[in-house]
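The values are calculated or read from the model by the stated rules, or taken from the named source; none is laboratory data. Predicted model, so just to flag it, every value in this text is computed and none were measured. No Cβ is skipped: glycine too gets one built from the backbone with ideal geometry, and neighbour counts run over all protein chains shown.
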Amino acid sequence: MNTSQATKCAECKEKSLCFKQLNEDELNLTNVNKVQIQFKKGEIISKQGSFVTHIMYLKNGFAKVYKETDLDHNLILDIIPEGKLIGLTSLYNNDNIARFSVAALENSTVCSIDRNTIEKLIQQNSQFAKTVISSLNEESLQFYDKMASLTQKQMNGRVADALIYLSESILKSPKFKMILSRKDLADFTGMSMMSVVRTLKDLKAEGIIEDEKGFIEIKNKTFLKQISQKG
């Protein structure tokens, strides 16, 4: 983890939709209350149980949000692509303890913004507040879908859901570099690593996916979605 020279918020070409709603004064306020940090692959961005003093903006890279457990595995709650805010659930919450951990899935750049600054911007800029609420809604819907997948579907359905989510929502391509290790994919689907490996092998043997040299390609999305729907 290293701090780096940050572009001024007003000049940044990697602003998310919510920050595009801010005027120059509001962008300057954000700029003086943030620090830009470089994280290497695997580094912890935020630790479960620590105090939440900042909201994180993932400027580039990918991160995983996960719940640490007393078992020999964690539960990955979501995969975060660049351009997303992390930690919004801590806003206006008197219990300012992080309920999950965040780690970089690849070398990533994070802008850590003072939480009070974000709350002030929400209060004074309705369009900014609207986009923040929209982000929280997306997180909630993803969480509901994930809980349904984990509790109602068999192994094939869970892996199908994960691959479709990565392809359509995170990496936005039918062929993508697999940013999750087999262990991560197991933690994301609530399965053992051996079960994940076996399921991927079966999907490949059936011609539904291609899995070569760190890349996944969905060859038959219609069939993969049928597996997802049938669970």
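General remarks:
- Among helices (runs of 4 or more DSSP H) entirely within segment 126-197, having at least 3 residues that are loosely packed, with under 13 Cβ neighbours inside 10 Å and within 14 Å of the chain's Cα centre (by Cα) singles out 126-152.
- Some residue of segment 15-37 being of a type in the set (D, E, K, R) and under 30 Å from Lys183 (Cα atoms): no
- Enumeration of residues in segment 150-171 that are under 18 Å from Glu210 (Cβ atoms) and without any contact (Cβ under 8 Å) to a residue 24 or more places away in the chain: Glu168
- Enumerated strands (runs of 3 or more DSSP E) restricted to segment 3-106, each holding at least 3 residues that are within 15 Å of the chain's Cα centre (by Cα) and within 25 Å of Glu138 (Cβ to Cβ): 44-46, 54-60, 63-67, 75-80, 84-86, 101-104
- Here Phe100, Phe19, Phe51 are screened, and the one residue that is closer than 26 Å to Ala129 by Cβ, in contact with a Lys or Arg (Cβ under 9 Å, 6 or more places away or on another chain) and not aliphatic (A, V, I, L, M) is Phe100.
- When Ser112 is tested against the conditions (1) within 26 Å of Lys40 (Cβ to Cβ); (2) among the polar types (S, T, N, Q); (3) not assigned by TED's automatic domain parsing to the domain that holds Pro81, the lone failure is (3).
- When segment 139-149 is filtered for residues that are polar (S, T, N, Q) and in contact (Cβ under 8 Å) with a residue 12 or more places away in the chain, the ones remaining, listed by number, are Gln142, Ser149.
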